[in-house]
Amino acid sequence: METVLSGIRPTGNLHLGNYFGAVQSFVKLQEEYKCFFFIADWHSLTTHPHPENIRKSVKTILSEYVGCGIDPEKATIYIQSDVREVAELYLYLNMNAYLGELERVTSFKDKVRSQPDNVNAGLLTYPSLMAADIIIHKANKVPVGKDQEQNMEMARKFARRFNMIYGVEYFPEPASFHMTEKAMKVPGLDGSGKMGKSEGNAIYLIDDEKTIKKKVMKAVTDGGPTQPDSIKPEPVANLFTMMEIVSTKDTYDYFNDKYNNCEIRYGDLKKQLAEDINAFCAPIRERILAISSDDAYLEKIARFGAEKATESAAKTLREVREIIGFRP
Ligand code: ADP
Ligand code: TRP
């Protein structure tokens, strides 16, 4: 059976973009594949977070993963720093990773520009840690967004290079994986672009009904169409896209017809959309809240995941050590 793996850096709460763009597919994939979903807390050290923040954000994302329906019995959910073997493989990969190629990675160049006071070696070697994450479980498929393409290219390169240097066919080359033909993009409701944490337009899975309503009612629209069947400008199209994602087809068609007949009342549309977003989020939100207050359950999940992930990683490391020439 093929292995699927993905990681998310713990940087705050999950929003609808994270859910429909990533987590929803994790929930589906766990039914068909051997899955590893992990929290990339080592990667987050590049920004020097306070210990209290690490503890909090790791707990948040663990509760949210499970609240969204990732099942710790079906998939292996673990925290990266619980699996020390990853660090050992990272060391080996770094010995064959060259300064030039690491410096050419776009996200590294971006960081050099955006945070010139903190260009640390962890940032430079981010792709080799990510490659170690992936190949330690010999993952074949990695569901990630387009922004991770270059890191995936590096992971394939490091896997191939290891095989070549030691004359083995040991690591498979991991492929990026998209659930749908076209990667799903959840729009922001503030006019243009995608929903994102740093865009400041996110609707979070744990937002309560009032907060959701406030955010949706604030959405940017226009004066309304003046001619039947006119093309929707981006802010309005984004509202409809969101409706397509969370509402029923009947609801969508109803408002779409109203738009096409120039009878649309954006206030009504937003009210409906806020209700539908809330109806979608409410059960997830309740599960997240229940789980996040149950420290014993979270601890149990983390320990169980760490055990399963360590077993898989330790097997790889025993074989890798032998291939390299160390005592197994
Ligand atoms: P953010 O910083 O906005 O929370 P990240 O860049 O950390 O998002 O992305 C985490 C995951 O969520 C990635 O797999 C990414 O592709 C997905 N994602 C984030 N925003 C969206 C969006 N608006 N539409 C679709 N997928 C998204
Ligand atoms: N770099 C990914 C991101 O920023 C997170 C990540 C770390 C990851 N290791 C991974 C994703 C391994 C997939 C596989 O979103």
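Could you list, in sequence order, the residues of the stretch 21-40 that are surrounded by 18 or more Cβ atoms within 10 Å (Cβ to Cβ) and either within 14 Å of ligand 1 (Cβ to nearest atom) or at pLDDT below 95 (or both)?
Result: Gly21, Ala22, Val23, Ser25, Phe26, Val27, Leu29, Phe37, Phe38, Ile39, Ala40.
For the condition under 21 Å from Ser63 (Cβ atoms) and of a type outside the set (Phe, Trp, Tyr), what is the one hit in Ile245, Ile277?
Ile277
Considering only residues that are near ligand 1 (Cβ under 9 Å from one of its atoms) and surrounded by 14 or more Cβ atoms within 10 Å (Cβ to Cβ), which ones fall in the stretch 184-193?
Met184, Lys185, Val186, Pro187, Gly188
Yes/no matrix, rows are residues, columns are (1) of a type in the set (A, V, I, L, M, F, W, C); (2) within 16 Å of ligand 1 (Cβ to nearest atom); (3) farther than 30 Å from Glu286 by Cβ; (4) surrounded by 14 or more Cβ atoms within 10 Å (Cβ to Cβ):
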residue: Pro49; (1), (2), (3), (4): no, yes, no, yes
residue: Lys59; (1), (2), (3), (4): no, no, no, yes
residue: Tyr78; (1), (2), (3), (4): no, no, no, yes
residue: Tyr92; (1), (2), (3), (4): no, no, yes, yes
residue: Arg104; (1), (2), (3), (4): no, no, yes, no
residue: Lys109; (1), (2), (3), (4): no, no, yes, no
residue: Ile135; (1), (2), (3), (4): yes, no, yes, yes
residue: Lys141; (1), (2), (3), (4): no, yes, yes, yes
residue: Asp147; (1), (2), (3), (4): no, yes, yes, no
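For the stretch 90-135, which fully contained helices (runs of 4 or more DSSP H) count at least 1 residues that are under 12 Å from Asn151 (Cβ atoms), among the polar types (S, T, N, Q) and more than 12 Å from ligand 2 (Cβ to nearest atom)?
106-114
Filter the stretch 154-187 for residues that are assigned to a helix (DSSP H, G or I) and either of a type in the set (A, V, I, L, M) or within 13 Å of ligand 2 (Cβ to nearest atom) (or both); which is nearest to Val105 (Cα to Cα)?
Met154
Given the conditions (1) out of contact with any strand residue (DSSP E or B) (no Cβ under 9 Å at 6 or more places or on another chain); (2) part of a loop (DSSP other than H, G, I, E, B); (3) more than 26 Å from Arg285 (Cα to Cα), and given that Glu73 satisfies all but one, which numbered condition is not satisfied?
(3)
Within the stretch 4-49, how many residues turn out to be assigned to a helix (DSSP H, G or I) and more than 9 Å from ligand 2 (Cβ to nearest atom)?
Residues meeting the conditions: 18.
With the requirement that a residue be of a type in the set (Ser, Thr, Tyr) and more than 30 Å from Thr60 (Cα to Cα), what does the stretch 195-242 give you?
Matches in the stretch 195-242: Thr221, Thr226, Ser230.
Restricting attention to helices (runs of 4 or more DSSP H) lying wholly within the stretch 204-310, give those where 2 or more residues are at pLDDT 95 or above, closer than 27 Å to Thr11 by Cα and not polar (S, T, N, Q).
The qualifying helices (runs of 4 or more DSSP H) are 209-217, 234-246, 266-292.
Regarding Glu319, is this residue over 27 Å from the mean Cα position of the chain (by Cα) and touching a residue at least 60 places away in the same chain (Cβ under 8 Å)?
yes
Kindly evaluate Thr211 against the criterion of being without any contact (Cβ under 8 Å) to a residue 60 or more places away in the chain and in contact with a Pro (Cβ under 7 Å, 6 or more places away or on another chain).
no
The values are calculated or read from the model by the stated rules, or taken from the named source; none is laboratory data. Because the structure is a prediction, the values reported are computed rather than measured. Reconstructed Cβ throughout: ideal geometry from the backbone, glycine too, with neighbour counts over all protein chains shown.
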